[in-house]
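Shown next, in structure tokens, is the structure this report addresses.
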Amino acid sequence: MKIPTSLKHKPVVVVENYEDIDGRYAYNSDTKGLSLGLAQWNDRGKVDISAKVWRYTGEKWSRQSEELPLHRVLDLAIFVCRSMKYFREAYRYPKLYDPENPVVDRVGLQGDAMTVEVCTENEKIDEDIKLFRDALSKDDELLGERMAVLARILKDLGY
């Protein structure tokens with residue numbers, strides 16, 4: 001299925017077979033494609049690049065399709081990586097976290113820091129964190145493959 005080019009987001013680079021590789025949803029996903037292109041929120045004379053996740057309901061392109069500025073895509077990748085690292089050693093805590101100090105890390109960005117922490121405001125955090133850990137563990141091979149590819153590409157870029 002071809003990603004639409006007549007909408008406000010203007011695709012430049014696309015993955016039109018994303019549904020075939022969408023993790024556990026592969027071959028049965030409503031996420032049909034990904035694109036990098038010109039952002040839909042661009043104003044005249046100001047051009048931003050965005051990443052878009054294209055979802056299709058079977059009848060039409062979904063309003064649940066998402067467009068993100070590239071820095072947010074990378075921030076999400078940083079957040080995922082830092083969280084995965086945390087859960088490798090979370091077994092040390094009886095509740096998988098320290099209720100007295102739920103901050104996992106502060107990742108320096110742009111002169112400030114992204115605070116990564118366990119959400120103690122969640123009233124079911126003790127149950128939910130175990131479910132999260134188990135789901136993360138179940139997807140270890142799936143995520144590990146993507147992390148290895150990402151590491152290789154970052155190395156090729158000189159990072």
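The values are calculated or read from the model by the stated rules, or taken from the named source; none is laboratory data. Bear in mind the structure is a predicted one, so any value in this text is a computation, not a measurement. Neighbour counts run over all protein chains shown; Cβ positions are idealised from the backbone, glycine included.
Could you go through the range 92-104 and let me know if any residue there is part of a helix (DSSP H, G or I) and at pLDDT 95 or above. Checked the range 92-104: at least one residue is part of a helix (DSSP H, G or I) and at pLDDT 95 or above.
Let me confirm something: among E121, E117, E141, E89, which residue is within 19 Å of the chain's Cα centre (by Cα), free of Cβ contacts under 8 Å to residues at least 24 places away in the same chain and loosely packed, with under 10 Cβ neighbours inside 10 Å? Please lay out each step first, then the result.
Values: E121 fails: within 19 Å of the chain's Cα centre (by Cα); E117 fails: loosely packed, with under 10 Cβ neighbours inside 10 Å; E89 fails: within 19 Å of the chain's Cα centre (by Cα).
Among E121, E117, E141, E89, only E141 is within 19 Å of the chain's Cα centre (by Cα), free of Cβ contacts under 8 Å to residues at least 24 places away in the same chain and loosely packed, with under 10 Cβ neighbours inside 10 Å.
Of all residue pairs spaced 6 or more apart or on separate chains, those with beta-carbon atoms under 7 Å, a first member in the range 45-68 that is closer than 16 Å to T5 by Cβ and surrounded by 15 or more Cβ atoms within 10 Å (Cβ to Cβ) and a second member that is modelled with pLDDT of 90 or more and of a type in the set (K, R) are W54/K32; Y56/K32; S65/K52; S65/R55; E67/K52.
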